[in-house]
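Note sheet for the following structure.
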Amino acid sequence: MATAAKYANHRHYIREGWAREPKASFCRLAQLLATEPVAGFRRLLDVGCATGELVGYLKLQFPEVSFTGVDLFPELVEAAAEQLPEETFRQGSVLDLPAEFTGQFDVVTAMGCMSIFDENDLERFWDNLLRVVRPGGRVVVLAPLNEFGCDVVVRHRKRIDGGPVGAWESGWNTYSFDTITELLAGRGKTCTFERFSPELELARRADPVRTWTLHTPEGRHFTNGLKLIVDHYFISVTA
């Protein structure tokens with residue numbers, strides 16, 4: 001049985017609902033899938049689907065595609081199924097994707113969840129994504145990465161409004177380009193990296209773990225209450 005990452009910072013997906021406008025990362029992902037199309041693109045799996053917001057957006061862009069979403073938290077899966085009853089949503093972890101998923105998807109996406117997993121589970125994370133994509137398909141992961149050759153594994157706990165301290169959680173691990181490249185090369189795969197740096201001005205929120213925009217002399221970045229400087233990248237792998 002795979003271990004479960006200690007992550008509980010998910011409740012805002014229920015509380016806030018779907019955004020009025022699609023997230024910039026959703027738009028860029030759709031552009032990547034449209035401009036570099038996968039032949040025979042008919043089935044997509046979204047890992048860490050939350051309430052199905054990404055699936056809902058992609059369905060508008062690719063109406064002929066059937067979508068499946070997987071998320072660890074049952075309340076998120078239930079909300080997704082209510083929003084999109086014509087699509088398939090399953091409760092579960094990327095570390096334990098069902099055997100019947102093997103080789104079944106043309107595209108597999110994982111937006112923002114790779115950083116939850118520490119070094120003990122990173123390989124299993126990638127092994128499962130690569131297992132469920134069909135030969136010739138594509139895996140696209142959005143995650144914070146480090147261009148300086150350093151891997152950073154983070155644990156944090158937080159207080160909000162002076163309340164009691166929470167449990168220790170993961171969620172902001174940052175791996176280097178080299179580590180991801182070598183991990184995939186060991187599985188006979190190559191990858192490309194594209195920095196995701198939209199012209200966004202995200203304001204600071206009450207939850208200190210949520211990101212906001214940080215301007216430095218080197219450019220625009222994201223940060224949070226962990227006092228990290230975060231740059232996200234799309235990692236694309238052809239199976």
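To the nearest 0.05, what FRET efficiency results for Lys227 and Cys150 with a Förster distance of 22 Å applied to their C-beta separation? Write down the numbers at each step before the final one.
Details: r = 16 Å, r/R0 = 0.73.
Efficiency for this residue pair is about 0.85.
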query: Picking from His215, Phe196, Leu228, whose Cα lies most toward the positive end of the charge dipole for segment 190-239 (charges on Cβ: Lys, Arg +1; Asp, Glu -1)?
result: Leu228
field: Test item: Cα-centred dipole of segment 169-230, Lys/Arg +1 and Asp/Glu -1 on Cβ, debye
entry: 120 debye
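Take the Cβ-Cβ distance between Glu199 and Ser176 as r, set R0 to 22 Å, and report the resulting FRET efficiency rounded to the nearest 0.05. Display every interim value, and only then the final one.
Details: r = 26 Å, r/R0 = 1.20.
Between Glu199 and Ser176 the formula returns 0.25.
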message: Tell me the mean residue ellipticity at 222 nm calculated for the chain from its helices only (DSSP H runs of n ≥ 4, each -39500 (n - 2.57), averaged over every residue, nearest 500).
response: -6500 deg cm²/dmol
message: For a quick check: sort Trp172, Trp126 by the number of other beta carbons within 10 angstrom, fewest at the front.
response: Trp172, Trp126
query: How do Lys227, Lys59 rank when sorted from fewest to most other Cβ atoms within 10 Å of their own Cβ?
result: Lys227, Lys59
- prompt: When the Cα atoms of the chain are enclosed in a convex hull and the volume is divided per residue, what value in Å³ results?
  reply: 133 Å³
message: Please list, in order along segment 204-216, the HN-Hα scalar couplings obtained from phi with the Karplus expression 6.51 cos²θ - 1.76 cosθ + 1.60 (θ = phi - 60°), rounded to whole Hz, x for Gly and Pro.
response: 5, 10, 5, 6, x, 8, 6, 7, 9, 6, 10, 9, 10
- line: Mean projected area (nm²) from the convex hull of Cα positions in segment 108-198 is 7.6 nm²
query: In what order do Cys113, Cys49, Cys150 fall by count of nearby beta-carbon atoms within 10 Å, going from fewest to most?
result: Cys150, Cys113, Cys49
Charge dipole (debye, nearest 20) of the chain; +1 at Cβ of Lys and Arg, -1 at Cβ of Asp and Glu: 300 debye
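If I take every Cα pair under 8 Å that is 6 or more residues apart in segment 12-238, average their sequence separation and divide by the length, what percent do I get for the relative contact order? Working shown, then result.
Values: 411 pairs, mean separation 35.7, N = 227.
Computed over segment 12-238, the figure is 16 percent.
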query: Which whole-number percent gives the relative contact order of segment 140-220, counting Cα pairs below 8 Å spaced six or more residues apart?
result: 24 percent
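Every number here is computed from the coordinates shown, using simple stated rules; none is lab data. These figures come from a predicted structure and were not determined experimentally. We place every Cβ from the backbone using ideal geometry, glycine too, and count neighbours over all the protein chains shown.
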